[in-house]
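Step one of this worksheet: look at the structure below.
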Amino acid sequence: MEIKPIRTDADYKATLARVETLFDAEYGSVQGDELELLTMLADAWEQQHFPVAEPDPVEFIKNVMEFKGTGQGELAEILSSRPRASEILNRRRSLTLGNIRKITAAWQVPADALIGEYEL
């Protein structure tokens with residue numbers, strides 16, 4: 001087992017190829033340990049070279065509603081206000097801390113996705 005840092009795209013591709021061959025390795029075995037280390041290296045490379053942008057809170061809400069198969073009506077029920085739900089979805093009003101708490105409790109979603117800044 002020779003493990004070295006990922007410094008180039010070629011190193012990254014080679015690491016992924018090796019991970020693929022080790023995918024079914026038993027946890028705790030030599031190959032399992034190699035798989036674990038290589039996936040950590042690949043993850044670090046990906047985070048540095050392919051960062052994921054913070055979600056837009058309104059788009060996050062819309063995606064959750066689509067995933068759950070719900071609409072603005074359910075959001076209005078959660079917020080106890082049909083106009084407030086409309087204003088938030090149409091970017092005329094910002095989410096408040098109270099709105100965020102209600103949404104996260106009702107839909108079991110992370111508050112982090114709702115606290116970012118966004119344009120009205």
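Brief remarks follow.
- Scope region 28-43; condition without any contact (Cβ under 8 Å) to a residue 12 or more places away in the chain and under 26 Å from the mean Cα position of the chain (by Cα); matching residues: Glu36, Met40, Asp43
- Residue list for region 61-89, filter: among the polar types (S, T, N, Q) and more than 17 Å from Ala111 (Cβ to Cβ): Thr70, Gln72, Ser80, Ser81, Ser86
- The listed residues are Glu74, Glu59, Glu46, Glu54, and the only one of them that is within 18 Å of Asp112 (Cα to Cα) and either aliphatic (A, V, I, L, M) or free of Cβ contacts under 8 Å to residues at least 60 places away in the same chain (or both) turns out to be Glu59.
- The lone exception for Arg92 - which of (1) farther than 23 Å from Gln108 by Cα; (2) under 24 Å from the mean Cα position of the chain (by Cα); (3) of a type in the set (Lys, Arg) it fails: (2)
Read-outs throughout are calculated quantities, based only on the coordinates presented, and are distinct from any laboratory measurement. Predicted model, so just to flag it, every value in this text is computed and none were measured. Virtual Cβ from ideal backbone geometry, glycine too; neighbours counted across all protein chains shown.
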